[in-house]
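The values are calculated or read from the model by the stated rules, or taken from the named source; none is laboratory data. These figures come from a predicted structure and were not determined experimentally. In this analysis, Cβ positions are derived from the backbone assuming ideal geometry, glycine residues included, and neighbour counts consider all displayed protein chains. Quick note on the areas: whole protein, heavy atoms, side chains included, nothing else; ligands and nucleic acids left out. Shrake-Rupley method; radii C 1.70, N 1.55, O 1.52, S 1.80 Å.
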Amino acid sequence: LVLGVQYLRTEVKQTFVSTLSGTDLIVGARSGPMNLLLYSVFHIGNPTNNIRWSTYEHVADQSSVDWVVPISLGDAHQGYRVIATSEAFFERFKYGSRQPLSLAQGQAFDDLYDVVLGAEVARALNYDLGDELVIAHGAGSTSFSKHDDKPFQVSGILAPTGTPIDRTLQISLEAFEAIHLGWESGVAAPGRQVSADAARERDLTPSSITAMLVGVERPIMTLRLQRELNNFRGEPLTAILPGATLAELWHLMGNFERALLVISALVLFTSLAGLAAVLLTMQSSRNREMAILRSVGATPATVALLFASEALLLAGLAALLALVSWFGGLALLAPWLSEAWGVYIGLRLPNALELGLLAAAMGLALLVSLLPAWGAYRRSLAEGLTPRE
């Protein structure tokens, strides 16, 4: 349990902070930094408003800006979020240690109605290249408004990333505009719908987007650009530093992390108390054995060594069992955790801290063994050779 709690705590934090890297700013409509981060990166919750396309063009034209990736949200497929974006998304979005997205199969948008699937979506829904699917309006798992007049074809499947991207679908911004032609207030207006073929002939330049990921030409300009965007007069914007906001969000979850540490400490204390109880019980049934050993010249160190060896053997077997059972269970549970909870846990060798915890547990077991060893030494000669009726 100690090993499992520590492993989960480390992996969840690592997965959390490595969700996005290489992006200097996230820009969206005026809202709280946490809300902007959650809906744009983790796809949790909904945006407060959209930002105008002209604002996107204004940001992209800034001399200090290296690249901008637009994002539009609001649709889903069987509970999985749809991200409308440009092809730059697949080039600029990075996670972990600046790892880029890569396609395991197929290609990005080649046709207006092409869709790229995250690895988890393709696996869970058993999609393959060339399959057709229908996108639903709204971000919920259940929707009664579907864009079934404009089905999409799977053109690519992303390689697994261990981030929320695995649970998303990507379409082009033009496709996002096409499927919403003739829609008003989230409902298809009667008599105003545009066929899939007719939509290809329309001007599909977006009028607004949800957010944008921004890369700055020189890192020294990041804070200045952030300040300018937060004070932008064209419309109210919020620009956040994703790394700093991720750290702040994890800090707010510190109570959860501290609770896991307390659980680890209690588990270790309970385990050691159980070990002490077992050794004391065994010691009470070995008084005669200890007395015989003492009578033939066994030193206190020899008696202590016997108990210490037994405690270390038990602790060592427990550590081995912990490693085997935890990693075996993790291999079975990791796919379920990913699908049901979006928690991505990877298999890896124990790090120095986890090995240190196992070593500390064995050291504490050794200390616990001194208690029955001392009791056995004190009582062995006085009680062990007393005749029993």
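The order of the peptides 97-103, 251-257 by mean Cβ neighbours within 10 Å, most packed first, is 97-103, 251-257.
Close amide H contacts of W183 (hydrogens built in the peptide plane, cut-off under 5 Å, sequence separation of 5 or more or a different chain): A189. Only protein atoms count toward the accessible area here, which uses a 1.4 Å probe; on region 46-123, the carbon and sulfur part of that area reaches 38 percent. Across the accessible surface of region 208-259, with the other protein chains kept in place and a 1.4 Å probe, carbon and sulfur atoms take up 57 percent. The order of the peptides 27-35, 353-361 by mean Cβ neighbours within 10 Å, most packed first, is 27-35, 353-361. The convex hull around the C-alpha trace of the chain, projected and averaged over every direction, spans 26.5 square nanometres.
If the chain linking W336 and Q62 were pulled fully straight, counting 0.36 nm for each residue of separation and taking away their Cα-Cα distance, it would gain 94.2 nm. Report note on the peptides 128-136, 42-50, 165-173, 65-73: ranked by the mean count of other C-beta atoms within 10 Å, highest first, their order is 165-173, 65-73, 42-50, 128-136. Average accessible surface for the chain: 51 Å² per residue, computed with a 1.4 Å probe over protein heavy atoms with every protein chain in place. Projecting the Cα atoms of G106, N46, T210 onto the charge dipole of the chain (Cβ charges, centred on the Cα centre) puts N46 farthest toward the positive pole. Spin-label model, V324 to A273: label points 7 Å out along the Cα-to-beta-carbon direction sit 2.9 nm apart.
For region 59-189, what class follows from the C-alpha gyration tensor (a ≥ b ≥ c being the square roots of its eigenvalues): rounded when a/c is under 1.5, otherwise prolate if a/b is larger than b/c, else oblate? Oblate, because a/c is 1.5 or more while a/b does not exceed b/c. Each Lys and Arg adds +1 at its Cβ and each Asp and Glu adds -1 at its Cβ; summed about the Cα centre, region 70-172 shows a dipole of about 500 debye. Remark: the N231-D203 segment gains 6.9 nm on full extension, using 0.36 nm per residue and subtracting the alpha carbon distance. Between the amide H of D75 and those of V82, G138, distances stay under 5 Å, these residues lying 5 or more places away or on another chain, with hydrogens modeled in the peptide plane. Only helices enter the 222 nm calculation for the chain: every DSSP H run of n ≥ 4 contributes -39,500 (n - 2.57), and dividing by all residues gives -15500 deg cm²/dmol, rounded to 500.
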